[in-house]
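Chemist: Got a structure for you, written out below as structure tokens; questions coming shortly.
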Amino acid sequence: MTSNWFVSMAYFVVTVVFILGLKAMASPVTARRGIVWAGFAMVAATVVTFFIPGLNNVGLMVAAIVLGGGAAWWSGKVVKMTDMPQMVAIYNGMGGGAAAGIAAVELVRGAEHDAVTSTLLVLGAIIGSVAFSGSCVAFAKLQGLLNKAIRLPAQNNVNFFLALATFGIGLTVGYSAAPSGFEIFLFFVLALALGVVLVLPIGGADMPVVISLLNAFTGLAVGFKGFVIGNPALIVAGIVVGASGMLLTQLMAKAMNRPIKNIIFAPITGAAAEGGEAVEGTMRELSAMDAASLMRYGQKVIIVPGYGMAVAGAQHKVWEMAQLLEEAGVEVVFAIHPVAGRMPGHMNVLLAEAGVPYDKIFDLEEINADFAQADVALVIGANDVVNPVARTDKSSPIYGMPILNADMAQNVIVVKRGKGAGYSGIENALFYKDNCRMLYGSAQQVVGEVIQNVKALEG
Amino acid sequence: MEGFTALYIFMLAAFTGYEVISRVPVILHTPLMSGSNFIHGVVLIGAMVALGHADPDEPLQLVIGFFAVLLGAANAAGGYVVTERMLGMFKTGNVKKEGGAQ
């Protein structure tokens, strides 16, 4: 209990600063300031906690903070920008693990709690464990350690009964006066397994939504833990994150037109993707030189970047090309699908890294009407987000997802590594259209060639 | 804490979270997810309290508490670094673009 007046006051200030920081992060102008404020608040909260009277094991505490904080600080500094989503996933998982750990200590200690507190303790333990193991699976998938979406036979039944068993034993553990060590152990094993089986079958394009959902879960778990240990700072910070995370998850799911329950209970898999109609026609290639002249002598070029561009590290080259074209009097803008990259906004971050000013970057709603007036839509490493079957083919798994209308442009140039299907394994009808030409090769190399050719046209 | 007081805090915090994010432009969704990920790193102080109340003669409690603090610290530190790096890329001075979050 935080009976100490000084500590309670400090926690109150910290909580206010957290909320103000989060609010500041909601605008590009103040976002940087927001995270710095929140950072100071976190340091203050940590320091003040040492002043709570009657705490044991302080040496162990300092060691854990230095070790965990140091390792995470270092890994966060060295990670590449394209790998950010999995880092967010793994740090989030660690938060969930910490929340589950608090519950484990309370249970093992056999602390006495009333019914409401016990319920929140058990719920927080389950949610925290699910966030922890689920985030580890999400990390493994995004990092490429685990490539396949694994679907158990009768997946939904397995999920249901595992969840039931977890809650069942959770209630036993939570309400009995002195739960045995084995019961507590079994409870956490089941809760962790639940997180694994929930995330394992989810693959491909649904991953960002899952990470966001797990982020919200951790927030809730932290809020519940705040109640259990009687700390309002944890309650408020946790629930604020839980609620905002839930909303963010909904926004993402809505952008993909995939209700959250469909993502969890009927994930897009290779097998389901085969349900779509076969696409007819042939794909036609064009040379880098033709691509260069099409864009150089056009009025308006809309670039549609996708994760493929980011993986190839081509964003700097793409921006260089865009600047060259602008010098030649061509209007160049970037069109970003809400789920381009691995998370909403991820592509904006990657373009910002390359120096693209954000008044050149447009959302789906802002730009979709402009494609009809564009001379060239240049699609680089994007696939599903420009697939017109989402508008027409009811049997396609991505039917109904809003797409960028790249196919409406006079000419469509698609930069692609090879002829295979996209990240979700769905055949793209755009590539077979009459106004579409393919430019094969890695984005980095292809855009480099286009730059050479644009320069040659100036000479 | 009183059960009902806590319930009110829950409710108000939930509305706050909802309000804070509902006006966010799409370009900030990933940094914001990362930022909120950092903020629930405050679980660190909960883990410190749990470890602080653990019985120094019970190795199991100490081990679990130790890892809870370790993971909480990693959540906070990692979350901060990653968010700060992402947001550092949004240069100020450019024309502010309003993307609808709806």
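Chemist: With axes computed from alpha carbons, what is the tilt in degrees of helix A:5-24 against the longest principal axis of chain A, rounded to the nearest 10 within 0 to 90?
Modeler: 10 degrees
Chemist: Quick check: pseudo-label points 7 Å beyond the Cα along Cα→Cβ at B:Y18 and A:D83, how many nm apart are they?
Modeler: Between B:Y18 and A:D83, the simple spin-label model gives 3.9 nm.
Chemist: Rounded to the nearest 0.05, what FRET efficiency do A:V36 and A:A328 give with R0 = 41 Å and r taken as the Cβ-Cβ distance? Could you check? Display every interim value, and only then the final one.
Modeler: Values: r = 41 Å, r/R0 = 0.99.
In this case the efficiency is close to 0.50.
Chemist: Using a basic spin-label model with each label point 7 Å from the Cα along Cα→Cβ, how many nm lie between A:Q143 and A:A63?
Modeler: 2.5 nm
Chemist: Report the extension gain between A:H316 and A:V189 in nm, rounded to one decimal, defined as 0.36 nm multiplied by the number of residues separating them, less their alpha carbon distance.
Modeler: Details: separation 127, 0.36 × 127 = 45.72 nm, distance 4.60 nm.
Stretched fully, the A:H316-A:V189 segment lengthens by 41.1 nm.
Chemist: Roughly how large is the B-A contact in terms of buried accessible area, totalled over both chains, probe 1.4 Å, nearest 100 Å²?
Modeler: Details: alone 8260 and 21870 Å², together 21520 Å².
By this definition, chains B and A bury close to 8600 Å².
Chemist: For A:K23, give me every one of the aspartates and glutamates with a C-alpha distance below 16 angstrom, ignoring sequence neighbours fewer than eight places off in its own chain.
Modeler: B:E19, B:E84, B:E98
Chemist: Related question: So what is the relative contact order for segment A:82-271, in percent, with contacts set as C-alpha pairs under 8 Å and at least six apart? Let's see the in-between values first.
Modeler: Details: 275 pairs, mean separation 53.4, N = 190.
After rounding, I find 28 percent.
Chemist: Separate question: Can you list the aspartates and glutamates whose alpha carbon is less than 20 Å from that of A:K141, not counting same-chain residues fewer than 8 positions off?
Modeler: Correct list for A:K141: A:D83, A:D206, A:D384.
Chemist: Amide H of A:V379 versus every other amide H placed in the peptide plane: which residues, excluding those fewer than 5 positions away on the same chain, fall under 5 Å?
Modeler: Here A:V304, A:I413, A:V414, A:V415 satisfy the definition.
Chemist: Give me the number: length gained by fully extending A:A71 to A:Q250, i.e. 0.36 nm times residue separation minus the C-alpha to C-alpha distance, one decimal in nm. List each step's numbers first, then the result.
Modeler: Numbers: separation 179, 0.36 × 179 = 64.44 nm, distance 3.24 nm.
Full extension of this stretch gives 61.2 nm more.
Chemist: I need to check one value: relative contact order of chain A, counting alpha carbon pairs closer than 8 Å and at least 6 residues apart, in percent. Before the final figure, lay out each step's value.
Modeler: Details: 749 pairs, mean separation 63.5, N = 459.
Result for chain A is 14 percent.
Chemist: Among the listed pairs A:K300/A:K455; A:K80/A:K433; A:K360/A:K394, which are separated by more than 26 Å between their Cα atoms? Can you show the working numbers first?
Modeler: Details: A:K300/A:K455 18 Å; A:K80/A:K433 36 Å; A:K360/A:K394 34 Å.
Checking Cα-Cα distances, A:K80/A:K433; A:K360/A:K394 exceed 26 Å.
Chemist: Amide H of A:C436: which non-local residues (sequence gap of 5 or more, or other chain) have their own amide H closer than 5 Å, using H built in the peptide plane?
Modeler: A:V412
Chemist: Shifting gears a bit: Bin by bin, in steps of 5 Å, what percent of the Cα pairs in segment A:18-177 do you find, going until the bin that has the longest distance?
Modeler: 2, 7, 10, 14, 17, 17, 14, 11, 7, 2, 0
Chemist: Report, in debye and to the nearest 20, how large the dipole of segment A:82-271 comes out about its Cα centre when Lys and Arg carry +1 and Asp and Glu carry -1 on their Cβ.
Modeler: On the way: 8 positive and 6 negative charges, 111 e Å.
The dipole magnitude comes to about 540 debye.
Chemist: Going by amide H atoms built from the backbone, whose H comes under 5 Å of the H on A:E331, apart from near neighbours?
Modeler: Placed amide hydrogens put A:K300, A:V301 under 5 Å from A:E331.
Chemist: log₁₀ I(q)/I(0) of segment A:288-458 at q = 0.08, 0.11, 0.14 Å⁻¹, via Debye over equal Cα point scatterers, no solvent, to two decimals?
Modeler: Treating every Cα as an identical point scatterer, log10 I(q)/I(0) equals -0.20, -0.39, -0.64.
Chemist: Do you know the relative contact order of segment A:1-88, to the nearest whole percent, from alpha carbon pairs under 8 angstrom that are 6+ apart?
Modeler: Details: 45 pairs, mean separation 21.8, N = 88.
With pairs under 8 Å counted, the relative contact order is 25 percent.
Chemist: Next question. Using the Cα atoms of the protein assembly as shown to build a convex hull, what is its mean projected area in square nanometres? Present the calculation step by step, with values, prior to reporting the outcome.
Modeler: Details: hull surface 98.6 nm².
The orientation-averaged projected area of the Cα hull of the protein assembly as shown comes to 24.6 nm².
Chemist: Which ³J(HN,Hα) values, rounded to whole Hz and listed in residue order, are derived for segment A:130-147 from phi using the Karplus coefficients 6.51, -1.76 and 1.60 in 6.51 cos²θ - 1.76 cosθ + 1.60 with θ = phi - 60°, glycine and proline given as x?
Modeler: Working through the residues one at a time gives 4, 4, 5, 5, x, 5, 4, 5, 4, 4, 4, 5, 5, 6, x, 7, 9, 8 Hz.
Chemist: Would you mind counting up the charge near B:A68? Only other residues with Cβ under 13 Å from its Cβ, with Lys and Arg at +1 and Asp and Glu at -1. All intermediate terms of the calculation are to be shown ahead of the outcome.
Modeler: Details: positive: A:R109, A:K225; negative: A:E106.
Spelling it out: positives minus negatives among the neighbours equals +1.
Chemist: Something else: Quick check: with the 1.4 Å probe, what order do A:S395, A:S129 take by accessible area, largest first? Don't jump to the answer; show the numbers that get you there.
Modeler: On the way: A:S395 55, A:S129 0 Å².
I get A:S395, A:S129, largest accessible area first.
Chemist: If you rank A:H337, A:H113 by how much accessible surface each has, with a 1.4 Å probe, what is the order from largest down? Walk me through the intermediate numbers first.
Modeler: Values: A:H337 5, A:H113 60 Å².
Descending accessible area places them as A:H113, A:H337.
Chemist: A further question follows. Working with all protein chains in place, sort A:H346, A:H316 by solvent-accessible area computed with a 1.4 Å probe, largest first. Spell out each step's value before the answer.
Modeler: Values: A:H346 0, A:H316 100 Å².
Solvent-accessible surface, decreasing: A:H316, A:H346.
Chemist: Could you compute how much accessible surface A:V66 exposes when probed at 1.4 Å, giving the result in Å² to the nearest 10?
Modeler: 100 Å²
Chemist: How high is the FRET efficiency from B:L60 to A:A165, r the C-beta distance, R0 35 Å, rounded to 0.05? List each step's numbers first, then the result.
Modeler: Working: r = 24 Å, r/R0 = 0.68.
It comes out at approximately 0.90.
Chemist: Hey, another quick one. Can you give the FRET efficiency to the nearest 0.05 for A:R417 and A:A177, using r as the Cβ-Cβ distance and R₀ = 60 Å? Could the numbers behind the result be given before it?
Modeler: Details: r = 62 Å, r/R0 = 1.03.
It comes to 0.45.
Chemist: Further question: Enumerate the calculated ³J(HN,Hα) couplings along segment A:123-129 in order (Karplus 6.51 cos²θ - 1.76 cosθ + 1.60, θ = phi - 60°), each rounded to whole Hz, writing x wherever the residue is Gly or Pro.
Modeler: After applying 6.51 cos²θ - 1.76 cosθ + 1.60, I find 4, x, 5, 5, 4, x, 5 Hz.
Chemist: Work out from phi, with θ = phi - 60° and the Karplus expression 6.51 cos²θ - 1.76 cosθ + 1.60, the ³J(HN,Hα) of each residue of segment A:430-437, listed in order in whole Hz, and give x for Gly and Pro.
Modeler: The phi angles translate into 4, 5, 9, 6, 5, 8, 10, 10 Hz.
Chemist: Let me ask something additional. In debye to the nearest 20, how big a dipole does segment A:1-154 give about its Cα centre with +1 on each Lys and Arg Cβ and -1 on each Asp and Glu Cβ?
Modeler: Details: 9 positive and 4 negative charges, 142 e Å.
Taking the Cα centre of segment A:1-154 as origin, the dipole is about 680 debye.
Chemist: Further question: Calculate for chain A the 222 nm mean residue ellipticity that helices alone would give, adding -39,500 (n - 2.57) per DSSP H run of length 4 or more and normalising by residue count, nearest 500 deg cm²/dmol.
Modeler: Values: 18 runs with 270 residues, N = 459.
Per the formula, -19500 deg cm²/dmol.
The values are calculated or read from the model by the stated rules, or taken from the named source; none is laboratory data. Note that this is a predicted model, so its numbers are computed, not measured. Don't worry about glycine lacking a Cβ; one is built from the backbone with ideal geometry, like all the others, and counts go over all protein chains shown. The accessibility values were calculated without ligands, DNA or RNA, using every heavy atom of the protein model including side chains. Shrake-Rupley method; radii C 1.70, N 1.55, O 1.52, S 1.80 Å.
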